[in-house]
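Note sheet for the following structure.
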Amino acid sequence: MEQAETSKVVFMSDKQEWWETVDPAKLGEDVRYRILVRVVEKYGRKRVREETGISRVTLWRLIERKSPVKPEYVKPLLKLLSREEFEELVSTREKLKALGILRDDGTIDYSLALEILAVAKDDEYLKNALLRFVVQEFREDLKKMLGISFAGIVLQWTEDFEQFLAERKKRRKVKDPETLKYYRSLFMKYLEGKELSEELIDYVVSHPNKWLRNVFRHYIQYLYYRRKISPETFGWIMEVVPYKKL
């Protein structure tokens with residue numbers, strides 16, 4: 001437990017540079033070689049020898065792959081790369097290993113993984129990326145966890161729905177007659193009489209006419225307004241079906 005806590009502090013420390021958290025010993029030989037070559041190409045052999053303290057002959061042997069690139073050679077070279085360059089050279093699993101999140105035996109350091117999830121609360125981009133990943137990769141698990149169900153709901157264009165669009169929507173009311181006419185034509189052609197289901201949601205998301213997403217999202221808002229679906233179902237569908245920007 002003490003070791004895990006120490007790793008977490010090192011990884012999350014604001015005072016350290018990104019490369020100080022990387023353990024080159026956990027990078028594969030191919031990766032260490034790619035790092036060496038990238039730095040040589042970027043700064044030249046003389047700079048590499050100055051940073052690592054190795055001889056001209058040793059560097060030649062490393063570049064020609066006649067000798068392995070040891071971790072102690074790589075460590076001082078990391079600071080000459082940007083984080084973006086490092087990530088280009090290293091696979092996802094190798095990055096996780098180098099940062100101590102993924103252990104050599106394939107197990108996970110959960111304290112570090114949970115720390116990253118905690119950071120997502122205050123980082124809008126990371127939070128949205130995690131949400132999209134969960135929705136995409138764990139759709140069924142998420143539905144079960146939230147108790148999402150929409151069996152028996154049939155989509156129908158009614159005067160009540162049209163009134164909702166024009167007067168009761170909280171944001172971006174649809175009052176323009178031509179827009180309403182277009183929305184109605186899309187709805188009647190593609191959605192009228194269809195039962196709300198995961199298959200229908202996938203159909204809407206992949207439909208070539210992206211305006212169908214907006215019409216569908218409006219109807220989901222209407223169903224929620226009329227308490228036909230739960231808040232969990234509403235939130236899940238709105239996350240799964242992206243909005244087409246006007």
Quiz item: Would you pick out the residues in region 39-76 that are open to solvent by less than 60 Å² (accessible area, probe 1.4 Å), assigned to a helix (DSSP H, G or I) and not β-branched (V, I, T)?
Solution: R49, E51, L59, L62, P71, Y73, P76
Quiz item: Is it the case that region 206-223 has a residue that's modelled with pLDDT of 90 or more, over 31 Å from the mean Cα position of the chain (by Cα) and open to solvent by 80 Å² or more (accessible area, probe 1.4 Å)?
Solution: no
Quiz item: For region 190-201, does any single residue satisfy the condition of being out of contact with any strand residue (DSSP E or B) (no Cβ under 8 Å at 6 or more places or on another chain), aliphatic (A, V, I, L, M), at pLDDT below 90 and under 16 Å from Y243 (Cα atoms)?
Solution: no
Quiz item: Tally time: how many residues in region 152-170 are in a loop (DSSP other than H, G, I, E, B) and either open to solvent by less than 80 Å² (accessible area, probe 1.4 Å) or at pLDDT below 70 (or both)?
Solution: 7
Quiz prompt | Matching residues, region 206-237, being more than 23 Å from M188 (Cβ to Cβ) and not β-branched (V, I, T) | solution = R227, S230, P231, E232, F234, G235, W236
Quiz item: Can you spot a residue in region 171-178 that is surrounded by 14 or more Cβ atoms within 10 Å (Cβ to Cβ) and within 24 Å of L131 (Cβ to Cβ)?
Solution: no
Practice problem: Of the numbered conditions (1) in contact with a Gly (Cβ under 9 Å, 6 or more places away or on another chain); (2) outside any helix (DSSP H, G or I), L80 fails exactly one; give the number of that condition. | Solution: (1)
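The values are calculated or read from the model by the stated rules, or taken from the named source; none is laboratory data. Given the structure is predicted, the values throughout are model-derived calculations rather than measurements. Heads up, the Cβs are rebuilt from the backbone with ideal geometry, glycines too, and the neighbour counts pull from every protein chain shown. Heavy atoms of the whole protein, side chains included, go into the accessibility calculation; ligands, DNA and RNA do not. Shrake-Rupley method; radii C 1.70, N 1.55, O 1.52, S 1.80 Å.
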